[in-house]
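**Q** What follows is a structure written as structure tokens; I'll ask about it next.
The values are calculated or read from the model by the stated rules, or taken from the named source; none is laboratory data. What you are looking at is a predicted structure, and each value in this text was computed from that prediction instead of being measured. Note that each Cβ is placed from the backbone with ideal geometry, even for glycine, and that neighbours are counted across all protein chains shown.
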């Protein structure tokens, strides 16, 4: 359905136009990642399931990041598209493939110019059979460009990004079930949508929604799919917000000029160029910006009342994850946890 080779060609061509090569000024990402773990583990109370190996830290260019995410996109999308194939004519299938190939290529090409680092959980739809820990990617060329654009010290921003991604490593490796749980939610949300509408109708509505500036996913969902979408939002709000909460506490002691860098990053999130804002809105990625704020507020309220050990209960099992309503009102989650403790 999607020509992943063609999508990669489009993405890499877009990415190469403005790519800045990494600056070889002696910064050691592997050493920084290892050093970040001790204060992060001490503050959160989370430990890695096995010793951290520095070979898992990869300083990447945009093309390598695109390859990683094509693999991940394919693992999520291909089963859904195969499911839709039976109800779609050959011509619609071919035209739909051209459309999706171009869309995926353009989206990945655009995102590769903006991403600074990524903890790779692996494809969410495909559980790691060998329980292999994830890799941590740093796009140093993008980081150097961002530092120049924001007017912040390059090594300070590098440490800031290292801290952020290693917090994600603790989350996903401390809660080994988290990646698979998210994958199940995504498949449960998207699979029935394609099956109910068929690919031709899905593409038509998607195009209409994109041209009108609507949110493509939400506008097409049934009530049950919307509920699954809200669960995904709640989990991602927690993941992103918890990371920011931890960073702000640990980073002040670890990263020079931490407050200045954090303020510059926050301004960058809030004041994007018009074209970039449009792309983020059309793809739904602007939701992630709200997730940082709401998730951090949840973590701050819970930690202030029951400490980091109490907040850490969110990673014990899927049932302890907050709902979207509880993200908005942390008191609901605290009451539920207290009721379960008393009942147990």
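**Q** Taking residue 125 as the residue in question, decide whether it is more than 17 Å from residue 64 (Cβ to Cβ), crowded, with 18+ Cβ neighbours inside 10 Å and at pLDDT 85 or above.
**A** Values: more than 17 Å from residue 64 (Cβ to Cβ): yes; crowded, with 18+ Cβ neighbours inside 10 Å: yes; at pLDDT 85 or above: no.
Judged against the criteria, residue 125 is not a match.
**Q** Could you tell me how many of the residues in the stretch 65-91 are more than 17 Å from residue 29 (Cα to Cα) and at pLDDT 80 or above? Even if it seems obvious, please write down each step before you answer.
**A** Our first condition is that a residue be more than 17 Å from residue 29 (Cα to Cα); within the stretch 65-91, this holds for 66-91.
This time we only want the ones that are at pLDDT 80 or above, so: 66-71.
Qualifying residue count, the stretch 65-91: 6.
**Q** Looking only at the stretch 309-318, count how many residues are within 23 Å of the chain's Cα centre (by Cα) and over 18 Å from residue 178 (Cα atoms).
**A** Taking the stretch 309-318 first, the residues within 23 Å of the chain's Cα centre (by Cα) are 311-318.
Remaining after also requiring over 18 Å from residue 178 (Cα atoms): none.
Here the count works out to 0.
**Q** Which count do you get for residues in the stretch 295-344 that are closer than 13 Å to residue 233 by Cβ and either surrounded by fewer than 19 Cβ atoms within 10 Å (Cβ to Cβ) or in contact (Cβ under 8 Å) with a residue 60 or more places away in the chain (or both)? Before the answer, list the steps.
**A** At the first step, the residues of the stretch 295-344 found to be closer than 13 Å to residue 233 by Cβ are 295, 298, 321-328.
When the remaining residues are screened for being either surrounded by fewer than 19 Cβ atoms within 10 Å (Cβ to Cβ) or in contact (Cβ under 8 Å) with a residue 60 or more places away in the chain (or both), the result is 298, 321-328.
Looking only at that region, the number is 9.
**Q** Now for a separate question. Across the stretch 1-43, what is the total count of residues that are touching a strand residue (DSSP E or B) at 6+ places or on another chain (Cβ under 9 Å) and at pLDDT below 90?
**A** Summing the residues that are touching a strand residue (DSSP E or B) at 6+ places or on another chain (Cβ under 9 Å) and at pLDDT below 90 in the stretch 1-43 gives 1.
**Q** Only residues that are under 23 Å from residue 252 (Cα atoms) and in contact with a helix residue (DSSP H, G or I) (Cβ under 7 Å, 6 or more places away or on another chain): list them for the stretch 19-40, please.
**A** 27, 29, 30, 32, 33, 34, 36, 37, 39, 40
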